[in-house]
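To start, the structure itself, in structure tokens.
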Amino acid sequence: MTKSESLERKTEHSTKESRPVRQAHDGVRELTPREIVKELDKYIIGQHEAKKAVAIALRNRWRRQQVLGQLREEIMPNNIILIGPTGVGKTEIARRLAKLSNAPFIKVEASKFTEVGYVGRDVESMIRDLMETAVVMVRNEKTAEVQEKARNHALERVLDILIPPVRRTPVNDSMTTTADTNDAELNEKTRERFREKIAAGELNNRIIEIDVPTDQFPAMQVFGPMNLEDMGVNIQDMLSNIMPKKMKKRKLPVEEALLLLTQEEAQKMIDQDAVVKEAIRRVENSGIVFLDEIDKIAGARGAVGGPDVSREGVQRDLLPIVEGSSVATKYGTVKTDYILFIASGAFHVSKPSDLIPELQGRFPIRVELKSLSEDDFVKILTIPQNALIKLYIALLKSDGISIEFSDDAIRTIARTAAEVNEQVENIGARRLHTIMNSLLDEVLFDAPDNISQTRVSVSKEMVETKLETIVKNRDLSKYIL
Ligand SMILES: Nc1ncnc2c1ncn2[C@@H]1O[C@H](COP(=O)(O)OP(=O)(O)OP(=O)(O)O)[C@@H](O)[C@H]1O
Ligand SMILES: [Mg+2]
């Protein structure tokens with residue numbers, strides 16, 4: 001058995017060993033509703049009802065998958081509307097949820113869609129985007145599966161460049177001279193030595209020349225009556241599939257060449273059709289669309305003209321998608337029947353009842369998010385992994401300044417935020433951003449060259465003096481905080 005054969009064996013073997021990883025992914029242990037809420041708790045304070053609703057919906061996706069036969073077809077997702085004032089965490093929940101779900105997930109702003117025929121994106125494009133995420137997701141998984149094997153192939157290709165294999169004289173076997181065999185053995189020994197060197201990273205910086213496919217085609221704009229991208233057709237992709245790939249020589253360090261060749265080898269090993277098939281299956285069965293700002297497409301009903309003209313149209317376009325229909329994408333037709341929709345909106349101008357009744361009916365679960373209180377603000381400032389106080393500490397650390405906040409300083413910041421929200425306008429936790437900025441603008445501006453101390457302590461008194469005048473003066477706070 002030659003070395004490369006044994007290498008091949010080894011890889012086969014190790015792919016088998018890595019099987020469990022794959023299986024684990026197919027049935028990745030989905031988080032239970034309680035675990036989902038616990039994850040969301042790391043970033044979002046309060047809003048338990050909303051977290052609970054989305055957690056149940058997410059888990060139900062998985063539960064449905066476990067149901068066998070005809071019954072599964074009967075289980076429709078219960079779409080959700082999250083309603084709550086601005087800045088209380090609706091979009092934040094969506095963002096965090098996206099990271100938690102192993103399902104294809106996209107978040108879109110309903111306000112960017114326009115009725116078919118108007119300038120803008122039509123609603124079907126969200127399904128195409130969802131499909132796109134699913135393809136990337138599946139492709140990444142498949143790539144990870146063949147990674148090791150692809151890397152070994154790439155390694156052999158690099159070795160071929162460093163130490164070209166000896167060609168045996170292709171006469172008949174009996175003619176093979178001992179000299180040839182010796183050469184071959186020697187060659188194989190050298191390759192083995194280099195293989196080890198590369199593995200140890202000793203040759204990382206050595207420059208070699210490899211053939212790489214040139215970057216696609218220059219971007220082309222195709223003009224036509226309709227936006228082709230919107231029809232799910234990608235001319236670029238079509239052309240690059242028809243035309244042969246041009247190769248070009250590039251000089252690269254071994255390390256980079258290995259990465260590039262590994263990618264190339266992995267692409268060869270992946271069955272693209274299977275990727276697409278699996279992506280469609282996932283979108284259809286577990287896809288989730290988060291429709292943010294849905295209140296922006298709810299206008300006073302029956303209003304004629306003005307900006308309202310296309311809102312109702314967008315709602316009508318949405319209906320079939322939410323209800324279940326087929327959408328053409330460049331990967332094939334995708335059925336939307338079992339896609340879960342979570343909508344959210346502040347609804348402070350319009351009401352959910354301003355949505356056309358058919359659409360309201362498609363979102364049976366309504367959850368209200370609550371306004372945030374002073375206590376919530378204290379927590380928001382300090383607890384989440386992306387809490388503002390933590391962020392500012394990290395920011396100033398870059399300039400070598402350590403800043404600290406006393407507990408009562410934080411309490412005062414929170415109280416001020418709650419006060420201004422009450423007096424001027426309730427913008428929820430966003431108020432904390434503006435307040436923190438006004439509070440720290442001097443330090444942020446003076447650091448690092450115009451500041452004498454490297455430690456800054458923010459005390460209750462400092463917060464009061466800095467913010468008092470602004471808060472007292474309502475007109476001023478309208479502009480500044
Ligand atoms: N409950 C919360 N816990 C932690 N952070 C929050 C919470 N609510 C809001 N925030 C913070 O406030 C900011 C705005 O929140 P978000 O974008 O979720 O608002 P929203 O509810 O979507 O408002 P809008 O209706 O205006 O879109 C985010 O930076 C987020 O981190
Ligand atoms: Mg939002």
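The values are calculated or read from the model by the stated rules, or taken from the named source; none is laboratory data. None of these values were measured; they are calculated from a predicted model. Positions of Cβ are backbone-derived with ideal geometry, glycine not excepted, and every protein chain shown enters the neighbour counts.
A few notes on this one:
- If you check Asn60, Asn140 for being closer than 13 Å to Ile288 by Cα and of a type outside the set (Lys, Arg), only one passes: Asn60.
- Taking the range 323-352 as the range and being more than 16 Å from ligand 1 (Cβ to nearest atom), outside any strand (DSSP E or B) and either in contact with a Pro (Cβ under 8 Å, 6 or more places away or on another chain) or within 14 Å of Met131 (Cα to Cα) (or both) as the test, the residues that pass are Lys330, Tyr331, Thr336, Tyr338, Ile339.
- Neighbours by Cβ (under 9 Å, 6+ apart or cross-chain): first from the range 183-198, more than 17 Å from Arg151 (Cβ to Cβ); second polar (S, T, N, Q): Glu188/Thr2; Glu188/Ser4
- Leu388 being within 23 Å of Arg96 (Cβ to Cβ), buried (at least 18 other Cβ atoms within 10 Å of the Cβ), within 16 Å of ligand 1 (Cβ to nearest atom) and at pLDDT 90 or above: yes
- Residue satisfying all of: in the range 75-91; within 9 Å of ligand 2 (Cβ to nearest atom) and of a type in the set (Gly, Ala, Ser); farthest from Trp62 (Cα to Cα) among these: Gly87
- Screening Leu97, Leu82 for residues that are within 14 Å of ligand 1 (Cβ to nearest atom), crowded, with 18+ Cβ neighbours inside 10 Å and modelled with pLDDT under 90 leaves exactly one candidate, Leu97.
- Only one of the numbered conditions (1) in contact (Cβ under 8 Å) with a residue 12 or more places away in the chain; (2) of a type outside the set (Ser, Thr, Tyr); (3) away from ligand 2 (no atom under 16 Å from the Cβ); (4) under 16 Å from Ile342 (Cβ atoms) is not met by Lys99, and that is (1).
- Here Leu388 meets the list (1) more than 16 Å from ligand 2 (Cβ to nearest atom); (2) under 23 Å from the mean Cα position of the chain (by Cα); (3) in contact (Cβ under 8 Å) with a residue 60 or more places away in the chain almost entirely, failing just condition (3).
- Restricted to the range 372-385, and to residues there that are more than 10 Å from ligand 1 (Cβ to nearest atom) and out of contact with any strand residue (DSSP E or B) (no Cβ under 9 Å at 6 or more places or on another chain), the residue that is nearest to His348 (Cα to Cα) is Ser373.
- Once the range 40-79 is narrowed to residues that are within 21 Å of the chain's Cα centre (by Cα), farther than 28 Å from Asn421 by Cα and without any contact (Cβ under 8 Å) to a residue 60 or more places away in the chain, the residue that is surrounded by the fewest Cβ atoms within 10 Å (Cβ to Cβ) is Arg59.
- Among the residues of the range 441-469, those that are surrounded by fewer than 19 Cβ atoms within 10 Å (Cβ to Cβ), hydrophobic (A, V, I, L, M, F, W, C) and either outside any loop (DSSP other than H, G, I, E, B) or touching a Gly at 6+ places or on another chain (Cβ under 9 Å) (or both) comprise Val443, Leu444, Phe445, Val456, Met462.
- Residue in the range 387-405 that is under 30 Å from Ala55 (Cα atoms) and not in a helix (DSSP H, G or I) present: yes
- Only residues that are within 16 Å of ligand 2 (Cβ to nearest atom) and not in a loop (DSSP other than H, G, I, E, B) were counted across the range 353-378, and they come to 2.
- So Leu439, is it within 16 Å of ligand 2 (Cβ to nearest atom), without any contact (Cβ under 8 Å) to a residue 60 or more places away in the chain and not assigned by TED's automatic domain parsing to the domain that holds Pro320: no
- On the stretch given as the range 247-273, residues that are under 22 Å from Arg206 (Cα atoms) and of a type in the set (Val, Ile, Thr) total 2.
- Residue within the range 109-122 that is within 16 Å of ligand 1 (Cβ to nearest atom) and at pLDDT 85 or above present: yes
- Applying the condition of being under 21 Å from the mean Cα position of the chain (by Cα) and within 15 Å of ligand 2 (Cβ to nearest atom) to the range 327-352 and asking which residue is nearest to Arg61 (Cα to Cα) yields Ile342.
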